[in-house]
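The structure appears below as structure tokens.
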Amino acid sequence: MKINLESGAEYIISCLMKNGFEAFAVGGCIRDSLMGKNPSDWDICTCATPNETVYLFENLGVKTFKTGMQHGTITILYNNNTYEVTTYRVERNYFDSRHPESVNFVKNLKEDLSRRDFTVNAMAYNNQIGLVDCFDGQNDIKNKILRAVGNPQKRFSEDALRILRCLRFSSVLGFEIEKSTAKAACSLAPTLRNISVERINTEFSKIITGKNAEYILLNYTNIMTEFIPEIKSVIDFEQHNIHHIYDIWTHTVKTVINSPQDLILRLTMFFHDIGKPQCFTMEKDGMGHFYGHADISADIARKILTRLRYDNETIKTVTRLIHYHDIQLNKTEKSVKKLLNKLGESQFDRLLQVKRADTLGLNPIYHKERLKFFDEIAEIKTKILMEKQCFSLKDLAVKGGDLMEIGIPKGPVIGKILDEILNLVLENKLINDKDEIIKYVKEKFLQV
Ligand code: ATP
Ligand code: MG
């Protein structure tokens, strides 16, 4: 088995080996290489102690940083890339399902690999020895299985973050979680309370943007409810509506996986109907409705996203999309221009993607007609942009300065007049031409 080591990683490993130390590329980079993917970073493990590593590379004129001495980690800067070099270690005596009390450096690769989370992450490689795969990770990659190294119950009890990493790797890599690993993850889900909200944020974002998110969201819902208990109310909630064939949660999941693998869109779909149960009404004919659910969902989403410490921009963008997700679109240039003005171009595009995804969570008999409708709206938008039609203040043929020049006093009145002009232009009641607009303003606002 030959893996093409990245040049910096190869240099660091060969320097360590030339000086009599063992050194291997390890973990995610080996997993990704074996899967034919480009690794995002190259981690190295070695029997050299952190001080030995620093001494060796500083002598070679290579910059090192003592970034994680307590974990035995040195960061090496080489050719503008950084590499984490970590001394073999096993961790003993976990005291709070997260932090090891002490780290014992061991001069043994196998022990180092045995403390890693999953078999597919527990392989090491160098050019001299080749692949070291003590836990059959290669086979698990082949069969697309995510399996804890050793006893899963024990491994998840040591560090609850591994439960979320388990869901994350399964979602991102498209691997099925092995049965006893899955059972342990579910039974220890309550220990996630020991995990910091920042870690939950990172893992949750990766889970929902993964290609296998449907499998995780439908089969590991009880783990998700540990940190987003609000979703309990939508699970199994029947919608009693001709458009729907799924309960709210299943519909939600279908919309998540039918949206692009982009965090904003996936968060939007994840929360877009979370307020539905609070708005449910049933008519005499047995038909269910959820009037006002977009706003309630946006409010609930804001609370959850704030609690999960998403940044303000993300929260604003997502909650606005949720707020608008159910609006009626019209196939006219005027209405498309008004919406473009209200949302801006990128939010407009996102809203169409949200509406497409939402449609794909409905009864399939409605898909074709609705998707065609959204395509037509997109075409109208393209035409408006191609023709450079005016749809926002910045496209107007007059600016505030032009109005002041003809004698409109500086102040809020300028903004009001510009808004009025824009509205008339959007309504096709005034042409977006400087002379025409100035003429209109003079007649309406300057004549006594
Ligand atoms: P990514 O593609 O996200 O970087 P990765 O597998 O490289 O995936 P990292 O978080 O960079 O993940 O960790 C590097 C390696 O360290 C992992 O492959 C795994 O072997 C080990 N590891 C990381 N976190 C844990 C943990 N909480 N418990 C056990 N082993 C871990
Ligand atoms: Mg990594």
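The values are calculated or read from the model by the stated rules, or taken from the named source; none is laboratory data. Small disclaimer: the values here were computed from a predicted structure and weren't measured. Cβ sites come from the backbone with ideal geometry, for glycine too, and all protein chains shown count toward neighbours. Just the protein is used for accessible areas: all its heavy atoms, side chains included, with ligands, DNA and RNA removed. Shrake-Rupley method; radii C 1.70, N 1.55, O 1.52, S 1.80 Å.
Remarks
- Of the GluC sites (Glu not before Pro) found in the range 357-448, the ones in coil according to DSSP and having at most 14 other Cβ atoms within 10 Å of their Cβ are Glu387, Glu427.
- Percent accessible area from carbon and sulfur atoms, the chain, protein chains only, probe 1.4 Å: 49 percent
- Estimated dipole of the chain in Debye, rounded to 20 [Cβ of Lys and Arg +1, of Asp and Glu -1, Cα centre]: 140 debye
- Gap separating the Cα centres of the range 138-152 and the range 316-331, nearest whole Å: 42 Å
- The GluC sites (Glu not before Pro) of the range 228-312 that meet both conditions, a loop assignment by DSSP and at most 10 other Cβ atoms within 10 Å of the site Cβ, are Glu283.
- Taken one residue at a time, the phi angles of the range 397-409 give Karplus couplings (6.51, -1.76, 1.60, θ = phi - 60°) of 6, 10, 10, x, x, 4, 5, 5, 4, 8, x, 6, x Hz. Gly and Pro are set to x.
- Label-to-label distance, Glu283 versus Met69, with points set 7 angstrom from Cα along the beta-carbon direction: 7.3 nm.
- Paramagnetic label zone (point 7 Å from Cα along Cα-to-C-beta, Asn241; backbone N under 15 Å) in the range 344-388: 355-364, 366-367
- Convex hull volume of the C-alpha atoms in the range 276-383, normalised per residue: 120 Å³.
- Filtered trypsin sites (Lys or Arg not before Pro), the range 357-431: DSSP coil and at most 16 other beta carbons within 10 Å: Lys388, Lys399, Lys410, Lys429
- Given their separation in residues at 0.36 nm each and the Cα-Cα distance between them, Asn151 and Glu198 gain 14.2 nm when the chain is fully extended.
- Solvent-accessible surface of the chain, averaged per residue with a 1.4 angstrom probe and all protein chains in place: 49 square angstrom.
- Distance histogram for the range 1-79 (every C-alpha pair counted, 10 angstrom bins, percent rounded to whole numbers): 18, 53, 26, 4
- Think of the chain as having a plus end and a minus end, set by charges on the Cβ of Lys, Arg, Asp and Glu; of Ala189, Leu396, Trp249, Leu396 sits farthest toward the positive end of this dipole.
- Alpha-carbon centroids, the range 8-43 and the range 173-196: separation in whole Å: 28 Å
- Taking the chain as a Gaussian network of alpha-carbon nodes connected by springs under 10 Å, the highest mean-square fluctuation of the residues Met224, Met386, Met282 belongs to Met386.
- Rounded D (µm²/s) - the chain, Kirkwood Rh over Cα pairs, Stokes-Einstein at 25 °C, 0.890 mPa s: 94 µm²/s
- Spatial extent of the range 372-415: Rg and Dmax, with the Cα atoms as the point set, Å: 16.2, 49
- Histogram of C-alpha separations across the range 215-359, 5 Å bin width, %: 2, 10, 18, 23, 21, 14, 8, 4, 1, 0
- Radius, Kirkwood style, for the range 313-433 when every pair of distinct Cα atoms is counted (Å): 16.2 Å
- Extension gain from Glu10 to Ile431, taking 0.36 nm per residue of separation minus the Cα-Cα distance: 145.0 nm
- 37 °C / 0.692 mPa s Stokes-Einstein diffusion coefficient of the range 211-269, Kirkwood radius on C-alpha pairs, µm²/s: 272 µm²/s
- Computed on the Cα trace of the range 128-193, the radius of gyration divided by the Kirkwood hydrodynamic radius gives Rg/Rh = 1.02.
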